[in-house]
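See structure below.
The values are calculated or read from the model by the stated rules, or taken from the named source; none is laboratory data. As the structure is a prediction and not an experimental result, all values here were calculated from the model. In this analysis, Cβ positions are derived from the backbone assuming ideal geometry, glycine residues included, and neighbour counts consider all displayed protein chains.
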Amino acid sequence: MNVAEAKQRESQVLLPTYDRVPLLLERGKDVYVYDADGHKYLDFVSGIGVNALGYGDRAVLKTISKQSARLIHCSNLYYHEFTAQIAERLVRISGLDRVFLSNSGTEAWEAALKISRAYAKKTAPTGSEPKYRVLAMSNSFHGRTYGALSTTGQAKYRDAFAPVLPGVEFVTFNDVEDLKQKFNDSVCAVALEAVQGEGGIQLVSREFLETARALTAGSGALLLLDEIQSGLGRTGEWFAYQHYGIKPDVITLAKPIAGGLPLGAVLTTNEAASCLKPGMHGSTFGGGPLACAVACTVIDQIEKRKLLKSNRELGKYFVKKLEGLKKKHACVHEVRGLGLMVAIELDSADLAKAAVPAMLERGVIINRTHETSLRFLPPYTIRKKHIDEVVKTLDATLKALEQTHTKSEAQPSPETELVAQGSTH
């Protein structure tokens, strides 16, 4: 099958939800993927942060082979050996107390919102109205289901599906005064990403996170942190909130946790978990034996290979290289990053959009988010030589695009030529 055939066949049977890149991938190895024509690409998207250990990791494949031959799925009505094992690892690395396993990050976020409302009802004084409002952030992204969509602070994702979940109000991200003004005793949760991924790799400020923690702790509301993209080591700590020394009540994670298999998780304190009892929440596929076994392997490999330290060091190196690029190209406005969660901000959405296919033609996969941001979420297994290759390729790409843009601007339009000749239309 080639790209044209895949596109034609999909157009007949799939819902039109994806604007796919014209690339038919067949296999991957380490930090590279290969298309149907045998072309090789350095992947600095890694399945949008999923393939943390790259492609074809031996430890992951060994676990998949062994466990898939034993037991792929069983109902959560019964026990299997890996639910406790993965939960124990997550509790240890997070500092929280309890775990619920889901299929995806979106489902984990839905569970977090349900916990917020359930906890507010459980703790409401007799005869009083329970807290119900959720303060979410502008520029945020939490997923596509209704609760996640309702707390996503970008109208382009919500408008087509309105009306959305009531009781959600948006706070300007990192605006401490706006948070204080909108917070009151009716708030059951403050919900935010420690690093806004789809929002262009925007880091929460220390003052804002500390204020959110103080306000929620003082009122009995919960602090929810979405670590679906930033969690499991990408930023150089297990979780981005650990850079701030602040402990939330609830966190959600997913993307890299199971080496490419679907798995998400909600982690809570014992206090937040106290509002749940059997039957209040569940998942048919969440926490299956195959995904949990692989997740244990992923965490063990991150620890064994000391990838947290590597991600911190490589992230600093990457940002330094991109800062050097910024000095060469006026179109680069800003470089942002924490560990291997990095972005550059360009001065034009058209330029950013053009850069992605131009990089692909040169053998490097990146993606664009929030219109003008080029985002880099490489596997944790990259080395400095891979960063050097990406920066060198980006340098050449921006140079070519800037020249094209300059020529386009210099070329007079027919109207301009007529005016120059004295015509007034």
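Looking at region 242-276, which of its residues are free of Cβ contacts under 8 Å to residues at least 60 places away in the same chain, buried (at least 24 other Cβ atoms within 10 Å of the Cβ) and more than 18 Å from residue 120 (Cα to Cα)?
257, 258
Among the candidates 131, 121, 156, 114, single out the residue that is touching a Pro at 6+ places or on another chain (Cβ under 6 Å) and not small (Gly, Ala, Ser).
Matching residue, one of 131, 121, 156, 114: 121.
For region 94-147, which residues satisfy the criterion of being among the polar types (S, T, N, Q), surrounded by 24 or more Cβ atoms within 10 Å (Cβ to Cβ) and in a helix (DSSP H, G or I)?
Of everything in region 94-147, just one residue is among the polar types (S, T, N, Q), surrounded by 24 or more Cβ atoms within 10 Å (Cβ to Cβ) and in a helix (DSSP H, G or I), namely 116.
Considering only region 243-338, give the helices (runs of 4 or more DSSP H) lying wholly within it that have at least 1 residues that are farther than 28 Å from residue 60 by Cβ and among the aliphatic types (A, V, I, L, M).
Numbers: elements: 270-273, 289-304, 307-328.
Per the criteria, 270-273, 307-328.
Of everything in region 359-371 that's touching a residue at least 40 places away in the same chain (Cβ under 8 Å) and within 22 Å of residue 339 (Cβ to Cβ), which residue is farthest from the chain's Cα centre (by Cα)?
Looking at residues that are touching a residue at least 40 places away in the same chain (Cβ under 8 Å) and within 22 Å of residue 339 (Cβ to Cβ), I get 364.
For residue 81, work out the one condition from (1) within 25 Å of the chain's Cα centre (by Cα); (2) at negative phi; (3) of a type in the set (Asp, Glu) it doesn't fulfil.
If we test residue 81 against (1) within 25 Å of the chain's Cα centre (by Cα); (2) at negative phi; (3) of a type in the set (Asp, Glu), just (1) comes out false.
Can you confirm whether region 294-302 contains a residue that is surrounded by fewer than 16 Cβ atoms within 10 Å (Cβ to Cβ) and farther than 19 Å from residue 81 by Cβ? Working first, answer last.
Going residue by residue through region 294-302, those that are surrounded by fewer than 16 Cβ atoms within 10 Å (Cβ to Cβ) are 300.
Those still in the list that are farther than 19 Å from residue 81 by Cβ too: none.
No, there is no match, as no residue in region 294-302 is surrounded by fewer than 16 Cβ atoms within 10 Å (Cβ to Cβ) and farther than 19 Å from residue 81 by Cβ.
Of everything in region 299-357, what is assigned by TED's automatic domain parsing to the domain that holds residue 200 and in contact with a Cys (Cβ under 8 Å, 6 or more places away or on another chain)? Give them in sequence order.
Those that are assigned by TED's automatic domain parsing to the domain that holds residue 200 and in contact with a Cys (Cβ under 8 Å, 6 or more places away or on another chain): none in region 299-357.
Please indicate, with yes or no, whether at least one residue in region 36-56 is farther than 27 Å from residue 146 by Cα, in contact (Cβ under 8 Å) with a residue 24 or more places away in the chain, of a type in the set (D, E, K, R) and crowded, with 16+ Cβ neighbours inside 10 Å.
Yes, region 36-56 contains a residue that is farther than 27 Å from residue 146 by Cα, in contact (Cβ under 8 Å) with a residue 24 or more places away in the chain, of a type in the set (D, E, K, R) and crowded, with 16+ Cβ neighbours inside 10 Å.
Go through region 1-44 residue by residue and tally those that are closer than 30 Å to residue 340 by Cβ and in a loop (DSSP other than H, G, I, E, B).
14
Given the criterion buried (at least 21 other Cβ atoms within 10 Å of the Cβ), under 30 Å from residue 381 (Cα atoms), within 17 Å of the chain's Cα centre (by Cα) and aromatic (Phe, Trp, Tyr), identify the matching residue among 173, 239.
After ruling out the rest, the residue left standing is 239.
More than 29 Å from residue 313 (Cβ to Cβ) and buried (at least 24 other Cβ atoms within 10 Å of the Cβ), is that true of residue 221?
Taking the combined requirement at face value, the residue satisfies it.
From the list 251, 257, pick out the single residue that is closer than 30 Å to residue 27 by Cβ and of a type outside the set (Asp, Glu).
257
Evaluate region 103-110: report whether one residue or more is under 30 Å from residue 294 (Cα atoms), in contact with a Gly (Cβ under 9 Å, 6 or more places away or on another chain) and free of Cβ contacts under 8 Å to residues at least 60 places away in the same chain.
Within region 103-110, one or more residues are under 30 Å from residue 294 (Cα atoms), in contact with a Gly (Cβ under 9 Å, 6 or more places away or on another chain) and free of Cβ contacts under 8 Å to residues at least 60 places away in the same chain.
When the residues of region 65-84 are filtered to those that are surrounded by 15 or more Cβ atoms within 10 Å (Cβ to Cβ) and not β-branched (Val, Ile, Thr), which remaining residue is farthest from residue 275 (Cα to Cα)?
67
Filter region 185-201 down to the residues that are in contact (Cβ under 8 Å) with a residue 60 or more places away in the chain and under 22 Å from residue 147 (Cβ atoms) and list them by number.
188, 189, 191, 195, 197, 198, 199
Which pairs do you get when a residue that is closer than 22 Å to residue 308 by Cα and without any contact (Cβ under 8 Å) to a residue 24 or more places away in the chain, found in region 331-354, comes within reach of a residue that is among the charged types (D, E, K, R) and not in a strand (DSSP E or B), reach meaning Cβ atoms under 6 angstrom, with the pair 6+ apart or on two chains?
From residues that are closer than 22 Å to residue 308 by Cα and without any contact (Cβ under 8 Å) to a residue 24 or more places away in the chain, the pairs are 335/323; 335/326.
For region 65-77, indicate whether the set of residues that are in a helix (DSSP H, G or I) and within 24 Å of residue 233 (Cα to Cα) is non-empty.
Start the filter on region 65-77 by keeping residues that are in a helix (DSSP H, G or I), which leaves 65-68.
Next, from what is left, pick out any that are within 24 Å of residue 233 (Cα to Cα): none.
For region 65-77, residues in a helix (DSSP H, G or I) and within 24 Å of residue 233 (Cα to Cα): absent.
Would you mention how many residues in region 339-364 are part of a strand (DSSP E or B), over 15 Å from residue 397 (Cβ atoms) and in contact with a Phe, Trp or Tyr (Cβ under 9 Å, 6 or more places away or on another chain)?
3
Do the conditions hold for residue 91, that is, is it over 19 Å from the mean Cα position of the chain (by Cα) and assigned to a strand (DSSP E or B)?
So residue 91 fails the test.
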